[in-house]
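Encoded as structure tokens, the structure appears first; notes follow it.
The values are calculated or read from the model by the stated rules, or taken from the named source; none is laboratory data. All of these numbers come straight from a predicted model, not from anything done at the bench. Virtual Cβ from ideal backbone geometry, glycine too; neighbours counted across all protein chains shown. SASA here: full protein model, heavy atoms, side chains in, ligands and nucleic acids out. Shrake-Rupley method; radii C 1.70, N 1.55, O 1.52, S 1.80 Å.
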Amino acid sequence: MDCIFCKILNKEIPSNVVFENDKILAFYDIAPQAPIHVVIIPKIHISSANEVNEENSKYISEIFTAIPEIAKKLGIADSGYRIINNCGRDGCQSVEHIHFHMLGGRKMSEIF
Ligand code: AMP
């Protein structure tokens, strides 16, 4: 499968890992949009939010369970951060492996 994030999981492409367990991987975004910009992905290929279901949702739940620990590790737990998921064409999703952006280190826009 020609999925860049699966290639990162398979170590075919290098990444700067921030957090990892048996279900998820978090690594620094290659084109950061904030002083701290991390991408969190499940270790199974789920194309987008449209493909989340009862069977695979434990991976999504694991992402949200790890978010406080990742934020603490990055030093942004107290200052705050934004979690973003882009889905599909209108959501401007560019990598078709579901992922959550964690953005912090500056005040985000108050307008989406
Ligand atoms: P999205 O536009 O929501 O699909 O987000 C995809 C994100 O993946 C973008 O912010 C890219 O900068 C990031 N990205 C793409 N390739 C890599 C890579 N090899 N390593 C780290 N981040 C990447």
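Before moving on, here are some points about what is shown:
- Longest site-free stretch - the chain; sites: GluC sites (Glu not before Pro), DSSP loop, at most 15 other Cβ within 10 Å: 56-109
- Using the Cβ-Cβ distance between Asn53 and Val17 with R0 = 35 Å, the FRET efficiency computed as 1/(1 + (r/R0)^6) comes to roughly 0.80.
- Protein heavy-atom surface of the chain, 1.4 angstrom probe: 50% of the accessible area is carbon and sulfur, with nucleic acids and ligands not counted.
- Lysine pairs meeting the criterion (Cα under 13 Å, 8 or more apart or interchain), as found in the chain: 5
- 5 angstrom amide H check on Leu25, placed H, neighbours 5+ away: Ile41, Lys43
- Residue-normalised accessible area of the stretch 24-104, given per residue in Å² at a 1.4 Å probe: 54 Å²
- Taking the C-alpha atoms only, the angle from helix 57-74 to the longest principal axis of the chain is near 30 degrees.
- Shape of the chain, Cα gyration tensor, a/c cut at 1.5: rounded
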